[in-house]
Amino acid sequence: MVSLNAPAGPYFPQSSPSRAGQRRDAAAAAFGKVCPQQSDPGRSGQNPDAPPSVFGGPFPEASFTLRGDREEARRAAEAIDAVLSREQPRINVELRRHTADLPEHARAPAEHLLLSGGKRLRPLLTLLTGRAFGCRDAGLHTLGAAVEMLHAATLLHDDILDNAPLRRGRSSAHVLFGTVQAVLAGDAMLAKALLLVSSFGDPRLTACVSEAVMHTAEGEIAEFARLRDTSLSHEDYVRIITGKTAWMLRASCELGALRAGAGEEAARAAALFGLESGIAFQIVDDVLDYYPCEETGKPKGGDLREGKCTPPLLLYLASLPAEKADRLRADFEGGRLDEATVEALCGEIYAGGFAEQAREPAGVHLAGAAQALASFPPSPERDLLDNIRHYILTRTA
Ligand code: FPP
Ligand code: MG
């Protein structure tokens with residue numbers, strides 16, 4: 001079993017100094033971590049000439065309050081963009097081909113989601129990991145397309161469960177096509193992806209992807225079991241996101257290594273790289289849910305509306321005077337937060353530095369990913385995987 005290097009302990013409610021800075025200190029103490037540093041003024045201005053980046057540039061100041069170098073982040077994003085612009089067309093051709101094979105009524109929701117953008121992070125991980133271990137065959141694109149299709153299937157279902165009206169800035173598939181069609185499209189995509197992987201005739205590939213699907217479902221079930229539960233500990237939170245998000249990134253990497261014929265130890269390192277990166281990815285995703293829309297280009301406050309208890313909220317609660325915290329807990333747990341309150345809470349959590357502070361454990365998991373990566377043979381692909389690690393920590397969209 002993989003060790004998760006997460007900070008231990010629940011988000012204890014603390015005594016209640018009145019100023020935001022003091023509150024943040026109290027929350028940080030509860031979290032067992034230092035507070036985010038003030039940003040380096042020397043790194044403030046954004047470069048207006050920065051090229052548009054699929055992977056998230058330009059980089060607003062807020063992402064650098066914790067750690068990181070803006071130039072390094074830009075270089076990482078540019079390197080990933082470059083490889084993605086080479087590989088994306090081929091990944092998309094595969095996705096189109098396999099989507100066209102779906103049963104008629106599944107095709108439209110599947111195309112709607114798959115062709116609405118998305119960074120193709122998972123296929124990229126499969127390609128880079130496979131190549132890092134010496135694989136050069138086209139099977140990597142098929143395996144990458146299969147994990148992207150699996151991921152899309154989970155999103156079709158997730159948007160129904162979360163009652164989310166939007167995905168990637170467009171109406172969700174269930175809004176456009178109805179719940180029945182969206183559920184069935186998700187089912188068909190799941191089946192198609194598993195068929196694609198099993199067509200390789202390699203039981204290790206099939207086991208890898210099946211296990212990931214199982215853990216993804218378990219993670220989502222665990223999340224729903226703890227919805228609106230503010231007693232969630234950091235370990236519980238990490239367990240949930242490991243399942244619902246990190247296992248699919250783990251599989252993305254492990255599939256590549258297995259296809260390359262990597263030995264057991266190397267495949268384990270690839271899996272660990274993916275898993276730790278995946279945990280960090282979701283931690284940052286949950287941080288960005290509190291960022292202003294102008295920075296992320298996405299609506300904020302979804303987790304508050306959906307009753308998802310994530311670190312920014314838990315850190316904020318831990319910083320509040322007991323009475324105020326109890327009131328907020330009761331309203332959140334009772335599903336009584338109106339739109340104005342959600343808006344105000346997002347503002348307070350962001351401005352108070354709690355969202356940024358919640359990014360910090362992502363660094364711990366990415367350090368775990370770096371350790372795993374260090375055992376890969378040196379190659380340009382290994383360097384690109386390291387850039388992905390950097391991107392995951394500093395992304396703002
Ligand atoms: C997104 O989380 C959700 C997931 C990554 C996993 C969803 C998993 C399932 C619905 C169960 C398994 C389904 C299949 C077909 C195997 P989020 O809601 O925090 O992210 P979001 O803000 O992007 O919606
Ligand atoms: Mg969701």
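Comparison of L143, L125, L113 shows that the only residue that is within 16 Å of ligand 2 (Cβ to nearest atom) and buried (at least 23 other Cβ atoms within 10 Å of the Cβ) is L113. Filtered by the rule that a residue be outside any helix (DSSP H, G or I) and among the aliphatic types (A, V, I, L, M), region 228-279 gives L232, A260, A262.
Out of the residues in region 157-178 meeting the condition of being of a type in the set (S, T, N, Q) and surrounded by 13 or more Cβ atoms within 10 Å (Cβ to Cβ), tell me which one is farthest from ligand 1 (Cβ to nearest atom).
The first filter runs over region 157-178 and keeps only residues of a type in the set (S, T, N, Q), leaving 163, 171-172.
From what is left, the residues that are surrounded by 13 or more Cβ atoms within 10 Å (Cβ to Cβ) are 171-172.
Working: S171: 14, S172: 9 Å.
Only one residue fits best here, namely S171.
With respect to the stated conditions, A355 fails to be small (G, A, S) and outside any helix (DSSP H, G or I).
Just to be sure, is E348 in a helix (DSSP H, G or I) and modelled with pLDDT under 95? Explain how you work it out, then say what you get.
Numbers: in a helix (DSSP H, G or I): yes; modelled with pLDDT under 95: no.
When the stated conditions are applied, E348 does not pass them.
For region 147-202, which residues satisfy the criterion of being more than 29 Å from L128 (Cβ to Cβ), outside any helix (DSSP H, G or I) and within 12 Å of ligand 2 (Cβ to nearest atom)? Listed by number, the residues that qualify are D162, N163, A164, P165, L166, S172. The residues in region 128-144 that are in contact with a Leu (Cβ under 8 Å, 6 or more places away or on another chain) and either within 16 Å of ligand 1 (Cβ to nearest atom) or more than 21 Å from M189 (Cα to Cα) (or both) can be counted, and the count is 5. Take the residues in region 291-342 that are in contact with a Ser or Thr (Cβ under 6 Å, 6 or more places away or on another chain) and assigned to a loop (DSSP other than H, G, I, E, B), then tell me which one is surrounded by the most Cβ atoms within 10 Å (Cβ to Cβ). Per the criteria, the residue is C309.
The values are calculated or read from the model by the stated rules, or taken from the named source; none is laboratory data. What you see is a predicted model; the values in this text were computed from it and never measured. FYI the Cβ positions are ideal-geometry reconstructions off the backbone, even for glycines, and counts take in every protein chain you see.
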